[in-house]
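In what follows, a single structure is set out as structure tokens and then discussed.
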Amino acid sequence: MSIMSFVSCEKSNTSSDFNYKVDAFADLEILRYKVPDFENLTLQQKEYIYYLSQAALCGCDILFDQNNVHNLRIRRTLEAIYEHYEGNRNDDDFRSFVVYLKRVWFSNGIHHHYSMDKFQPNFTKEYFVELLKNVNDEYLPLADGETKESLLVEILPVMFDKEIDSCRVNLNSAHDVIATSANNYYQGVSQTEVEQFYGALKAEGGDKPVSFGLNSTLVKKDGKLVEDIWRIGGKYSKAIEKIVYWLEKAKSVAENDQQKDVIAKLVAYYKTGDLKTFDDYSIAWVKDSLSRIDFVNGFIETYGDPLGLKASWESIVNFKNLQATKRTQIISENAQWFENNSPIDDRFRKEKVKGVSAKVITVAILGGDCYPATPIGINLPNSNWIRAEHGSKSVTIENITDAYDKAAQGNGFLDEFVDSKEDLDLIERFGAITDNLHTDLHECLGHGSGKLLPGVDPDALKSYGATIEETRADLFGLYYMADKKMLELGLLPDKDAYKAQYYKYMMNGLMTQLVRINIGDDIQESHMRNRQLIAKWVFEKGSAEKVVELQKRDEKTYLVVNDYEKLHNLFGQLLAEIQRVKSEGDFEGAKFLVENYAVKIDIDLHKEIKARYEKLHIAPYKGFVNPRYELELNKNGEIQDVKVRYDETFEQQMMRYSKEYSFL
Ligand code: ZN
């Protein structure tokens, strides 16, 4: 599971000549992150990271194809035009064309990475056909005997017709969520068929079930459902072979035998596609908590599948931030105390919290579904029984949150939306520290807390599952943020610090996160749904006592928190209810909470917030370019050093990746 950042807020001082801002277009801003301390690693560690970072870039095409069956062909066509166009690159149409290509790069396909809706080109179909006419066939992704015309027949409707493949992940349970989702995880099958197919496998799965369906496309062949497995010799083989090549290189310079064992198991899984081997790998991976360097590489998160079965490909390579990790160690050492004192029913409590290992990390490279938009915290593995039996690893990614903060300096956001000097002051002082702490609590304890009642299907909440799980983890963090234990443990410096987080969370959930949604649309994305669910629920339950209010001044709506202690209690009450829903697998309960609180938007408020935000000219979504790693060789061709460079633009990086790492 992963957590994405809020819309970033303004921070004060700290100047630096490092250029965090790279590019901005549509509703997106591209930033750059630093990799502090990389140069202080040993040569062997640097080499290890180098090979892992190569492996991290080799799977990018997999994700494009997973997101939509036409994505790769569209991207390659756009790239061919981009590279070989000889006309005026400064006219409005061509600029619009480049923006469209950048959006495709950013979203790993033709659907918005967050709203899941297909975005429309800002140029005409005729213009596009004209562009294509002027590109030599040899540069286009044409199969043998194929012509431009047949390419156009395939991609034009997908690019320009609003109705075709309009939503990548449809969570609206009123429809067949499989048939109405434009992802490429299922071909020609209905939701009922998918549920029956995997329901039968699960029934036989025993008490340590593998993650059925995780690494395959489910297709209908001759009337029968079969899984097309993603492995060497199977689907996506060419990309997976390259990933394995670099993983093997990495294994030869790993820090210790444990890492070598982890890589060996991962490679065996990539070769066989056997999900039992994937579980063995996950267990070995979760046990390695002491190595300095760590990585994720594989089919991991299931947000891209409305039923939460199929995993998108992602990779992240990182090393421990030793100083900041002291903070998360304190949290994990006290994990049992947190579990025992959480405001949930005893039946849902874990008697013994197993091995929560938490660390603060510095990311060295992002790939697949972690790139360019990236999480700021991750908790893995996702398998419920492995988490229960072997624990989980949880990370907070501090060089990414740091880049968000630095890039947001002086953007005017807080001044626009917070009108009380006191609240502003609290956020200035404690906003950053409580943001990081909330991520720690969410990932390290929240996702790992509580338990399912015996016999409850972990997927019982279906398309509401992801939202409920994120809600649970967020509430766990919110609830404890205000506990005096935070001061006792030295995690917060002041008894009022938590108020900064409460204020920001409520403001975001009730108002400012809406800047990311088009007027008239519902909220789709799980993390956004979870934030609104929490904010609206406590707003409503506290309304009689005016715990939280929305007040209007000069035509502008502001959040006012009248009673922080009562707000703390309400978070606790909702946590108890959400945990019950999860533990009992109460589908109707989940549906009620999500549909009533998490999806719908007050249109007048929405318009107001968007208008105020637009005046600030801040992009609501952000992503990152990676640094570039360069081997320094001596006369004999031996590696002397690995240098990290921060010198690419977004376009340069994307075109380079497409040339060097495109294998499908
Ligand atoms: Zn999460």
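The values are calculated or read from the model by the stated rules, or taken from the named source; none is laboratory data. Remember, it's a predicted structure, so these values are computed and weren't measured experimentally. Cβ: placed from backbone, ideal geometry, glycine included. Neighbour counts: every protein chain shown.
Is the stretch 139-151 home to any residue that is outside any loop (DSSP other than H, G, I, E, B) and under 19 Å from Ser658 (Cβ atoms)?
So the first thing to find is which residues in the stretch 139-151 are outside any loop (DSSP other than H, G, I, E, B), and the list is 139, 148-151.
So of that shortlist, the ones also under 19 Å from Ser658 (Cβ atoms) come out as 139, 151.
Yes; the residues of the stretch 139-151 include at least one that is outside any loop (DSSP other than H, G, I, E, B) and under 19 Å from Ser658 (Cβ atoms).
Within the stretch 620-637, identify whether any single residue is within 25 Å of the chain's Cα centre (by Cα), small (Gly, Ala, Ser) and either surrounded by fewer than 17 Cβ atoms within 10 Å (Cβ to Cβ) or outside any loop (DSSP other than H, G, I, E, B) (or both), and answer yes or no.
Quick first cut of the stretch 620-637, residues within 25 Å of the chain's Cα centre (by Cα) only: 620-629.
The next check asks that each one be small (Gly, Ala, Ser); those that pass are 623.
Then keep just the ones that are either surrounded by fewer than 17 Cβ atoms within 10 Å (Cβ to Cβ) or outside any loop (DSSP other than H, G, I, E, B) (or both); that gives 623.
Within the stretch 620-637, one or more residues are within 25 Å of the chain's Cα centre (by Cα), small (Gly, Ala, Ser) and either surrounded by fewer than 17 Cβ atoms within 10 Å (Cβ to Cβ) or outside any loop (DSSP other than H, G, I, E, B) (or both).
For the stretch 95-117, check the following and say yes or no: at least one residue is free of Cβ contacts under 8 Å to residues at least 24 places away in the same chain and either outside the structural domain of Arg656 (by TED's automatic domain parsing) or among the basic types (Lys, Arg) (or both).
yes
Of the residues Leu156, Leu218, which single one is surrounded by 14 or more Cβ atoms within 10 Å (Cβ to Cβ), closer than 25 Å to Cys60 by Cα and over 25 Å from the mean Cα position of the chain (by Cα)?
Values: Leu218 fails: over 25 Å from the mean Cα position of the chain (by Cα).
Among Leu156, Leu218, only Leu156 is surrounded by 14 or more Cβ atoms within 10 Å (Cβ to Cβ), closer than 25 Å to Cys60 by Cα and over 25 Å from the mean Cα position of the chain (by Cα).
Can you find even one residue in the stretch 12-28 that is farther than 21 Å from Phe624 by Cα, surrounded by fewer than 20 Cβ atoms within 10 Å (Cβ to Cβ) and not assigned by TED's automatic domain parsing to the domain that holds Asn134?
Kept after step one, since they are farther than 21 Å from Phe624 by Cα, are these residues of the stretch 12-28: 12-13.
Subset that is surrounded by fewer than 20 Cβ atoms within 10 Å (Cβ to Cβ): 12-13.
Filter once more, so that each one left must be not assigned by TED's automatic domain parsing to the domain that holds Asn134: 12-13.
Within the stretch 12-28, one or more residues are farther than 21 Å from Phe624 by Cα, surrounded by fewer than 20 Cβ atoms within 10 Å (Cβ to Cβ) and not assigned by TED's automatic domain parsing to the domain that holds Asn134.
I want to confirm something. Restricting to the stretch 602-618 and keeping residues that are within 24 Å of the chain's Cα centre (by Cα) and buried (at least 18 other Cβ atoms within 10 Å of the Cβ), which single residue is modelled with the highest pLDDT?
Among them, the one singled out is Tyr613.
Just one of Gly431, Gly455 is out of contact with any Cys (no Cβ under 7 Å at 6 or more places or on another chain) and not aliphatic (A, V, I, L, M); which is it? First the steps, then the outcome.
On the way: Gly431 fails: out of contact with any Cys (no Cβ under 7 Å at 6 or more places or on another chain).
Step by step, each of Gly431, Gly455 is checked, and only Gly455 is out of contact with any Cys (no Cβ under 7 Å at 6 or more places or on another chain) and not aliphatic (A, V, I, L, M).
Looking at (1) surrounded by fewer than 18 Cβ atoms within 10 Å (Cβ to Cβ); (2) not in a loop (DSSP other than H, G, I, E, B), find the lone condition where Gly87 falls short.
Here Gly87 meets the rest and fails (2).
Exactly one of (1) touching a strand residue (DSSP E or B) at 6+ places or on another chain (Cβ under 6 Å); (2) at positive phi is unmet by Gly410. Its number?
Status for Gly410: all satisfied but (1).
Which one of these is over 18 Å from Val262 (Cβ atoms), of a type in the set (A, V, I, L, M, F, W, C) and not in a helix (DSSP H, G or I): Ile62, Ile30? Working first, answer last.
Numbers: Ile62 fails: not in a helix (DSSP H, G or I).
After ruling out the rest, the residue left standing is Ile30.
Any idea which residue in the stretch 186-204 is surrounded by the most Cβ atoms within 10 Å (Cβ to Cβ), counting only those that are among the β-branched types (Val, Ile, Thr) and part of a helix (DSSP H, G or I)? Spell out how you get there, then give the answer.
Of all residues in the stretch 186-204, those among the β-branched types (Val, Ile, Thr) come to 189, 192, 194.
Next, from what is left, pick out any that are part of a helix (DSSP H, G or I): 192, 194.
Numbers: Thr192: 12, Val194: 24.
Checked the stretch 186-204; the qualifying residue surrounded by the most Cβ atoms within 10 Å (Cβ to Cβ) is Val194.
Could you tell me how many of the residues in the stretch 369-401 are away from the ligand (no atom under 16 Å from the Cβ) and either modelled with pLDDT of 90 or more or closer than 24 Å to Cys58 by Cα (or both)?
8
Within the stretch 110-151, track down each residue that is small (Gly, Ala, Ser) and either in contact with an Asp or Glu (Cβ under 8 Å, 6 or more places away or on another chain) or under 29 Å from Glu525 (Cβ atoms) (or both).
If we filter the stretch 110-151 for residues that are small (Gly, Ala, Ser), which is where we start, we get 115, 143, 145, 150.
Residue satisfying the conditions is Ser115 alone.
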